[in-house]
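Before any comments, here is the structure.
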Amino acid sequence: MTRLRLALVGAGVIGRRHIGLIQESAQVALTAIVGPGAATQTLANTLAVEHHQDLPTLFARQTVDGVILATPNALHVEQALLCIEAGVPALIEKPVAHSVAEGERLLNTASTSSVPLLVGHHRAHSPILAKARAIIAEGVIGQPVAIQGSALFYKPDSYFDEAAWRREPGGGPVLINLIHEIGNLRSLLGDITHVQAMTSQATRQFTVEDTAAINFRFANGALGTFLLSDTAATPRSWEQSSGEDPVYAHYPDEECYLVAGTQGSLSVPTLRIKRYCEEQVASWWEPFDELTLDVRRDDPLACQLAHFVAVIRGEATPLVSVHDGLQNLRVVEAIYDAAATGRCIAL
């Protein structure tokens, strides 16, 4: 089968990850890099692909089958709209937009267009998360009642020295990291309807938060709690517990979500299940049946690229749509609102 021709817009950290995955794929080929600056031109020359200053120039001079937008958040909507206008499918890195209002603008156009857009919440493509969703959907743990979650990890000082904007609002762990967790929680238990939150910057003392504590209410009636911090020296984060990205140290005995149901509980990503057997009367005096399921650990970014190929070929619809990406962003904005006002925010 002929390789699909992809263009990459933005060649920063995540952009270069996409380049590596494209080079490893037998289904796609990188044919262009888009972006201003000598460094982008040099990278394109090194990779022996075309270089264009912007998307209009790309579309005027070259035919591509798909575009990956790995640019700063504020550029996502305008660039995605250009892709729609050109009739070219796009993979938009998360968040889908830098504000809910801008996300709604994109959704209004995307909903009346036949051009598919995939939002880059790559954990949605994790085989571990897919298995967890299936376990819950099959009723293995009964009706979901509650979820406890954590993303507790330590970012070194160099992380902030490399990009000063990470010390400012919009650069904190709520928008950078928690938005991934929101996608995970919604995929496991459905839409979030209410949010309460507190944030703190007491440890790093930046103008942006370093720690947050959040309560959620889901549409199905389940409740959730979540702890987030980028200054907590623990391995209770998705990256460190899932083992999906070899860049991070892996702690296979740690988990970051516990989903509790009326018949049992599921720990994620360990996939440990404790449940009452069918003939048992559920009671805290009774012992659980215990088992741990096996699952393969694939790179979700690679799985996402394979899915994007299927979307371009018309073989699949986007697993994470603009609507999904916007819902995740709505929850993030609600968290900021709740933390600032002390109110329970309804979505």
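See the values below:
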item: Every pair of residues 6+ apart whose Cβ atoms lie under 8 Å, when the first sits in segment 142-171 and is acidic (Asp, Glu) while the second is buried (at least 18 other Cβ atoms within 10 Å of the Cβ) and outside any strand (DSSP E or B); result: GLU168/VAL208
item: Which numbered condition SER242 misses (of (1) open to solvent by 20 Å² or more (accessible area, probe 1.4 Å); (2) touching a residue at least 60 places away in the same chain (Cβ under 8 Å)); result: (1)
item: Residue match in segment 296-311 (condition: of a type outside the set (A, V, I, L, M, F, W, C), in contact with a Phe, Trp or Tyr (Cβ under 6 Å, 6 or more places away or on another chain), modelled with pLDDT of 95 or more and on the phi < 0 side of the Ramachandran plot); result: no
item: Test result for ARG105, within 23 Å of ILE214 (Cβ to Cβ), open to solvent by 40 Å² or more (accessible area, probe 1.4 Å), among the charged types (D, E, K, R) and outside any loop (DSSP other than H, G, I, E, B); result: no
item: Filter result for SER237 (at pLDDT 95 or above and under 19 Å from ASP157 (Cβ atoms)); result: yes
item: Selected residue (only one of ARG275, ARG313 is in contact (Cβ under 8 Å) with a residue 60 or more places away in the chain, open to solvent by 40 Å² or more (accessible area, probe 1.4 Å), closer than 18 Å to SER25 by Cα and charged (D, E, K, R)); result: ARG313
item: Every pair of residues 6+ apart whose Cβ atoms lie under 6 Å, when the first sits in segment 173-200 and is surrounded by fewer than 18 Cβ atoms within 10 Å (Cβ to Cβ) while the second is part of a strand (DSSP E or B); result: GLY190/PHE218; THR193/ARG217; HIS194/ARG217; HIS194/ALA346; MET198/ALA213; SER200/THR211
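The values are calculated or read from the model by the stated rules, or taken from the named source; none is laboratory data. Source: prediction; values computed, not measured. As a convention, Cβ positions derive from the backbone with ideal geometry for all residues, glycine included, and neighbour counts pool all protein chains shown. Accessible surface areas use protein heavy atoms only, side chains included; no ligands, DNA or RNA. Shrake-Rupley method; radii C 1.70, N 1.55, O 1.52, S 1.80 Å.
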